[in-house]
Amino acid sequence: MSTTYTYLTDGHLRLREQAQEFGREVIAPHVPRMEAEGTHADRVLPRLMGELGWCGVIIDDAEYGGMGLDHVSKTILISEASYFSGAAGGILQASFIPTAAILYLGSEEQKQLWLPQIAQGLWTAILVTEPDSGSHVLGMDGTARRKGKHWIINARKCFIGNSAIAGLHVVVVRTGRPGDPRSLSAFLVEDGWDGIEVSQPDLVGMHGFACGEVRLRDVHVPATHLLGEVGDGLAAAYTASVVCGRPNLAATALGLHRRVMDETLGFLGKRRRKIGKRHRETRKLTDYPVVKYRLADMKSRLMTAERLAYDAVHLLDQGQACDAELVQSKLFNNQAAGESLRDASSLHGGYAARADHPITRLMRDIQLVGAPAGPDDVQRYRLSEKALGADRTEWSEEFIRRTRRPVAAA
């Protein structure tokens, strides 16, 4: 991260140093084991990151025992964790999204109960996506029906980050007429309740990050666990997605992008080509113009991606409506990381095909950043609406309005 951003404080830089130290000493040595185990839910890194208090980075310190820091600080933590492991970054970022929904819609009683536990390392998940509706949230089939003092939920949710380690789920399901913007509601569902089943399909990358399927069959949820009001489910899903989902994934892509750059520079720095009639002389690969051009493109993308990722969340911290900037940060960071990866693969030659090479792991991990919080075409659609002046809810503004409080820089 560039230190030239005027809004970075000494606290931000100290937090980055802490995250980098944790990455070097804890995450990096853990990666080979996670990769060897393939698709699974790692529990070591979540426990250790929870002990550092990272789950509560944007949770108020005085009221709920969190770190009480800003969204720039959150971006620093995700990016640095992702630099060492896409799975570590995925675990961290996925828990902030349901936390945002609780901050936005939770009653004071719900916040007093759950936010201190999250700050102390309780991992959470948000259950929105369904197999047949994907990004079309209003098209979901999962339902909740009222029965006395309980709601009974039946739903099948997929691609759920932290599905296997979450102690608390924010579940969005239909309580009204299909297609109506007020037809969805959100509920706080505790892990271990009867009727909850979690499974994990194999993933091509991010080994150690649980991103599975959660089935809810006749799960009885107390009426006190309704998050917000009946009909607030769309607001819960969209606010959490815009305010946390998109910038979180921008930060994940940024961390992986930085690692792609560094791995490529390290690889090229060791490679020399023999020249001369008798091959007695050598020349560094980085001396060749074609290599320099590719590195220049990678560096240019990385600089722009980083600026977009941090400037967007800085606007959020300043209390400014910034949906378009948050959308753009995710769109560009995902695209830029993919484009730089293609350049890196070309520069690595045949080594990019080896399963045991770091660039191959990065290739697998970057594949999984695009779809969550809406694939690129969804981001383009949102930006086109901004360009056309469509009158849509500014979710960052709504979040700020309901949660605005003084927040500390790191």
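Bear in mind that the values in this text are calculations on the coordinates, not laboratory data. Quantities reported herein were computed from a predicted structural model and do not represent experimental measurements. In this analysis, Cβ positions are derived from the backbone assuming ideal geometry, glycine residues included, and neighbour counts consider all displayed protein chains.
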> Amide H to amide H, which residues 5 or more places from Gln200 or on other chains are under 5 Å from it, using H placed in the peptide plane?
Replying inline: Glu213
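Which length gain, in nm to one decimal place, applies between Glu394 and His220 when the Cα-Cα distance is subtracted from 0.36 nm times their residue separation?
Values: separation 174, 0.36 × 174 = 62.64 nm, distance 3.35 nm.
Going from the current span to full extension adds 59.3 nm.
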> What list of ³J(HN,Hα) values in whole Hz, one per residue of segment 253-264 in order, does the Karplus curve 6.51 cos²θ - 1.76 cosθ + 1.60 (θ = phi - 60°) give from phi, with Gly and Pro shown as x?
Replying inline: 4, 4, x, 5, 4, 4, 5, 4, 4, 5, 4, 5
> Among Thr39, Thr99, Thr124, which one moves the most in a GNM of the chain with springs linking Cα atoms closer than 10 Å?
Replying inline: Thr39
>> What distance in nm separates the two pseudo spin-label positions at Arg404 and Tyr293, each 7 Å out from Cα along the beta-carbon direction?
In response: 5.0
> Under a 5 Å amide H to amide H cut-off, with H placed in plane at 1.01 Å, what residues pair with His150 once short-range neighbours are removed?
Replying inline: Ala223
>> Per residue of segment 297-314, what does 6.51 cos²θ - 1.76 cosθ + 1.60 with θ = phi - 60° give for ³J(HN,Hα)? Whole Hz please, x for Gly and Pro, Karplus curve as stated.
In response: 4, 5, 5, 4, 4, 5, 4, 5, 4, 4, 4, 5, 5, 7, 5, 4, 6, 5
> Whole-Hz Karplus ³J(HN,Hα) for segment 326-338, in order, using 6.51 cos²θ - 1.76 cosθ + 1.60 and θ = phi - 60°, x for Gly and Pro?
Replying inline: 5, 4, 5, 4, 6, 4, 5, 4, 5, 5, 5, 4, x
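For a footprinting-style exposure proxy, rank Trp193, Trp395 by other Cβ within 10 Å, fewest first.
Values: Trp193 13, Trp395 21.
Taking fewest neighbouring Cβ atoms as first place, the list is Trp193, Trp395.
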